[in-house]
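Accompanying notes for the structure given below.
The values are calculated or read from the model by the stated rules, or taken from the named source; none is laboratory data. Because the structure is a prediction, the values reported are computed rather than measured. Cβ placement follows ideal geometry from the backbone for every residue including glycine, while neighbour counts extend to all protein chains displayed. Side chains are part of the model used for accessible areas, which takes the heavy atoms of the whole protein and leaves out ligands, DNA and RNA. Shrake-Rupley method; radii C 1.70, N 1.55, O 1.52, S 1.80 Å.
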Amino acid sequence: MDGDIFQELKQFQEYANKMQQLMSEMRDQMPEFAEGEDAQGAVRVRLIAGGIPESIKVASDWQRRQPPENLGAAVVEAYGSALSEWMERWSGGLEQADWENRAHQLDGTLGQPASAGAASTPPEAFERDVRYVVPRPLQEVAEDVLTAFDVVERQDPEAAAQPEAKGESAAHRVVITLGSQGLSSCEIDPDWAAQQSVVRLNQALDDALAEVRAKSASAEGSGPDAVADLDLGGLLDEAMAIMKNPRHFI
């Protein structure tokens, strides 16, 4: 039983390390920025890493290009254009790195039993220094190992979806909404917008964008991340300490 636990834990740790490396490489391939406009060129949106809007600017002659009641929709359209450019560049980088094939190969390794060669060569893992580790009872450690496997197998990309957040300018003249799919809506008071200078209009967009980005970052930072919360190193140390001291099996 102890050898099975050790091999499963070691296999899982190797899988998690490789998955972490793949995810890190995926983030490294993200473009630093991308820009897009609506079809009439009234609005330009700039995205930064992660496809997050960094700035939203209206053209000095936007009223000649779009009526005030369409300005909010033009912001969403410009964002979509920028996001398409960002995704195309990111996809090209991942394709060059052969990321998808490597991810598929890794995905098929978690459920495979440890090889006979791996089972006969535990000394490498036993090099961990567990002299000062006080493990919990064997049953508790074994349950946590099984839970770790379950957490990874049940990971759902939609479960980590970013919650919706809204940002507003003064007097709610501009309201921007960010959700799991990015910028989902932009509401601009048309009567107010028609009477504003480009500078004031862009400032209102900046204010609303800054607020929604702050709210979005706060929600993301407080959200659960089950995989990140797994203390794989601690589990491995406990398992090693148990196997090195037979009294823990009593």
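Can you give the extra length, in nm with one decimal, that the chain gains between GLU164 and SER197 once fully stretched, where that is 0.36 nm per residue apart less the Cα-Cα distance? If you can, show how the numbers build up before the last one.
Details: separation 33, 0.36 × 33 = 11.88 nm, distance 3.01 nm.
This chain segment gains 8.9 nm when fully extended.
What ranking, highest mean first, results for peptides 93-100, 71-78, 181-188, 167-174 when packing means the other Cβ atoms within 10 Å averaged over each residue? Intermediate values should be presented prior to the final figure.
On the way: 93-100: 13.1, 71-78: 23.1, 181-188: 19.0, 167-174: 17.2.
With the highest mean Cβ count within 10 Å placed first, the list reads 71-78, 181-188, 167-174, 93-100.
Leaving out ligands and nucleic acids, and using a 1.4 Å probe, what accessible area per residue does region 17-63 come to in Å²? Don't skip to the answer; put the middle values down first.
On the way: 2520 Å² over 47 residues.
I get 54 Å² per residue for region 17-63.
Please list, ordered by chain and number, the residues whose modelled amide H lies under 5 Å from the amide H of ASP38; skip anything fewer than 5 residues away on the same chain.
Distant-sequence amide H within range of ASP38: VAL43, ALA78.
How many nm separate the modelled label positions at ARG131 and GLN181, each set 7 Å beyond the Cα in the direction of the Cβ?
5.9 nm
How much length, in nm to one decimal, is gained on full extension between SER91 and LYS18, taken as 0.36 nm per residue of separation minus their Cα-Cα distance? Spell out each step's value before the answer.
Numbers: separation 73, 0.36 × 73 = 26.28 nm, distance 2.07 nm.
Answer, rounded to one decimal: 24.2 nm.
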